[in-house]
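A short worksheet on the structure shown next.
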Amino acid sequence: MKAEELFSGAGEMASRMRELDWAATPVGPVERWPGSLKTVVKTLLHSRHPMFLWWGPELIQFYNDAYVPSFGRGKHPGALGRPGRETWPEIWPIIGPQIEDVMREGKASWNEDQLVPIFRNGRIEDVYWTYGYSPVFDESGRIQGTLVVCTETTGRIFSEQALRRGEERLRRVVEASGAGTWELEVGPGTMTADARMTALFGLPEQSEYRLDQVLERIHPEDVRGVHESIAAALAGKTQGGLYQKEHRVVAPPGARPRWVEARGQVSFDAEGRATRFIGTSLDISERKWAEEEVLRARQELQSFLLQAPLGIAILSGPRHVYTFANAPFMSMLFGGRPVTDLLNLSVRQALPELEGQGFYEILDGVYQTGQSFHGTKLRASMVQADGVAREMFVNFTYQAKRDASGRVDGILVVIYEVTDQVNEQQEIEQLADNLRAALVARDTFIGVASHELNTPLTTLKLQTQMTRRVFSSQGLAGIAPARFGRLLDTTLLQVERLSRLVNDMLDVSRISTGKLTVIRVETNLSDLVRDVLARFAPQFEAAGILLEQRLEEGLRLSLDAARIEQVLTNFIINAIKYAPGKPVHATLEQRGSWVRFSLRDEGRGIPADQHERIFVRFERATSASESSGLGLGLYISKQLIQEHGGRISVESTPGEGATFSFELRRDEKDGPGLLSRSARD
């Protein structure tokens, strides 16, 4: 993957990473980066949540656009591609040990609202962070980096601090009657208010107000609730006539609505009629705004978890009950079912098929010890939404989650599937094994081929040399006709053997390149089989083989006679080679829609585990030292029969001989006994 592809996007950091000379940094050229580094960097660049990565022994730095504002002025953009210790000397005593725990032990950490003063904007500033340090593993499972997912919470912390200061001030104000006070005369419905109350509600300065005049200053979305709460208190429907309500007041154009906490007490006469209603109104805007900020921060974090490319879930309590799961998690483990199907179920209830696979025990251990667990390429058997079991491989982290007191109250689960990567690795290993086997087969074939080709050539050479010596010393008179005939027969036999070897190698080449041709014409297969068997009569006799024939007459098929003769020849040569001195039985018959030829010998037989292998190129049931041949005959025969739309097989039991057969399918439209030229199995 080139830099342009890895650092794709229009963001500032994508552009800076494309421009940086990575070859001059300790991580080296992009093309040599490990896949894990590329994956994390690409994820980081395409995330809208602040993320930071330290990589390698030097802790080289990567970060995204969302993180840039936290630098302020002074460190960015020089921090990109530099070692972490050089960029953060002022906080290294704080973060250095945490990073070291991750890099050395894989110990992830999570910090909420942590004060980490940093140098920015020309000075050391108090900066608060909520952040997590997590290990990043390479393809071998070793820790190579530390990933930081963070949110700067300085604004919220300052807001909360301001809120607390404000509440303290308000407490003192209330203690000193500083809150806005008011009193409602129930009968006439008139209200009096002090200066703080009128200022808070934006009321004109006057001695008294109508209740509806005051209600007009309440935010339209809250006025109905305030009116109902007042009516309930006046009607005695609240305990002791107490009134308490938080609401907004109408704000000037362009300003944020301020929040008011109103508290009051209704007095009743002896008959239970409301007579007096007094209370206070306190400005709680800062607290409410801080709560809104906290809510937004939580929503942003939840949004990040929901949009994260990894499967993420949160388990609660010792039973590991699901309280949160994002879409990738549901897609990976639950076939995309809605998360509502999972919430409030324990892991054992939701995934009973994990029983006995060790995952329950790991979860229990993390909850009991508080120590995180990281699994790499672990096998899991899952039952998908359609009920079908599927084996998958996953990388996952179980991280203990703690409450405010530091006690473990749940587990954060981060998981992603690596089945494709594992399968690809297995395929690569299988290809490597196949390549090694092919090289061994090639070397064996070259040795066997050299020997097999040299044998007839040596015989021809010796016969020619002997004949030449006789001719040189005695002339033609020294070579008797009978001897000359035997010489020609032997020469022809060796030439035919050499020709078969060469043709077999040529056929293998044609098969490999898809150029093997079969030209079919209507042929009397019965006559063809009889002629081929008759041609081998001398070899049967020389090997002491009694041939028994049972050939059905008049079987005419559309086939390539030369190619079928080639198959017959291979069957016959094998029988002569492996069953000398034993009877051989040849059968040709029609079986329903098939015509079948078989040749059964009574030789040593072939083990069952060799039945498929002997039809593979260069494979034989015996070693090259036991018998001659290239191991191509049956392979070529199988290809030729398949080209005819037929099938070939062997039936054998060690010690009881072997039966080789092929079948060609009959096509009804061409009449009884006749196979179509286009017949296919």
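The values are calculated or read from the model by the stated rules, or taken from the named source; none is laboratory data. These numbers come from a predicted model, not from an experiment. Cβ coordinates were reconstructed from backbone atoms using ideal geometry, including for glycine residues, and neighbour counts include every protein chain displayed. Accessible surface areas use protein heavy atoms only, side chains included; no ligands, DNA or RNA. Shrake-Rupley method; radii C 1.70, N 1.55, O 1.52, S 1.80 Å.
Taking amide hydrogens as placed 1.01 Å from N in the peptide plane, the amide H of residue 277 sits under 5 Å from those of 184, 186, 267, each at least 5 positions away in sequence or on another chain. The length gained on full extension between residue 551 and residue 142, counted as 0.36 nm times the residue separation minus their Cα-Cα distance, comes to 140.2 nm.
At full extension, residue 521 and residue 213 could sit 100.0 nm farther apart than now, given 0.36 nm per residue minus the alpha carbon distance.
The Cα-based radius of gyration and maximum Cα-Cα distance (Dmax) for region 1-126 are 14.6, 41 Å. The portion of the accessible surface of region 256-378 made up by carbon and sulfur, rounded to a whole percent, is 53 (1.4 Å probe; DNA, RNA and ligands excluded). The modelled label-to-label distance between residue 2 and residue 168, using points 7 Å beyond Cα along the C-beta direction, is 6.1 nm. Here region 258-299 is scanned for amide nitrogen atoms under 18 Å from the site 7 Å beyond the Cα of residue 183 along Cα-to-Cβ, giving 263-269, 274-281. Between the amide H of residue 110 and those of 133, distances stay under 5 Å, these residues lying 5 or more places away or on another chain, with hydrogens modeled in the peptide plane. Per residue, the accessible area of region 44-170 comes to 46 Å² when a 1.4 Å probe rolls over the protein heavy atoms.
For residue 417, the accessible area of its heavy atoms, probed at 1.4 Å with every protein chain present, is near 60 square angstrom. Using 0.36 nm times the number of residues separating residue 255 and residue 491, minus their current alpha carbon distance, what extension gain do you get? Result for the pair: 73.7 nm of gain on full extension. Between amide H atoms placed 1.01 Å from N, distances below 5 Å from residue 209 occur with 191, 192, all of them 5 or more places distant or on a separate chain. Could you please state how large a percent of the accessible area of region 1-85 is carbon and sulfur, counting protein chains only and using a 1.4 Å probe? Result for region 1-85: 51 percent of the exposed heavy-atom area is carbon or sulfur. The orientation-averaged projected area of the convex hull spanned by the Cα atoms of region 210-332 comes to 12.8 nm².
Let me check I've understood the local charge: for residue 600, count other residues with C-beta under 14 angstrom from its C-beta, Lys and Arg +1, Asp and Glu -1. What total comes out? Can you show the working numbers first?
Numbers: positive: 550, 582, 596, 604; negative: 548, 589, 601, 602, 651, 656.
Here the count lands on -2.
Rg and Dmax of region 138-289, based on Cα coordinates, read 21.7, 84 Å. For region 54-187, the convex hull spanned by the alpha carbon atoms encloses 188 Å³ per residue.
The distance between label points at residue 464 and residue 371 comes to 8.1 nm (points 7 Å beyond Cα on the Cα→Cβ vector). Charged side chains reduced to their Cβ positions (Lys and Arg at +1, Asp and Glu at -1) give region 7-131 a dipole of some 320 debye around its Cα centre.
Here the spin labels are modelled as points 7 Å beyond Cα on the Cα-Cβ line, and at residue 389 and residue 125 they lie 5.8 nm apart.
In square angstrom, what is the accessible area per residue of region 195-294 with a 1.4 angstrom probe? Intermediate values should be presented prior to the final figure.
Numbers: 5740 Å² over 100 residues.
Per residue, region 195-294 has an accessible area of 57 Å².
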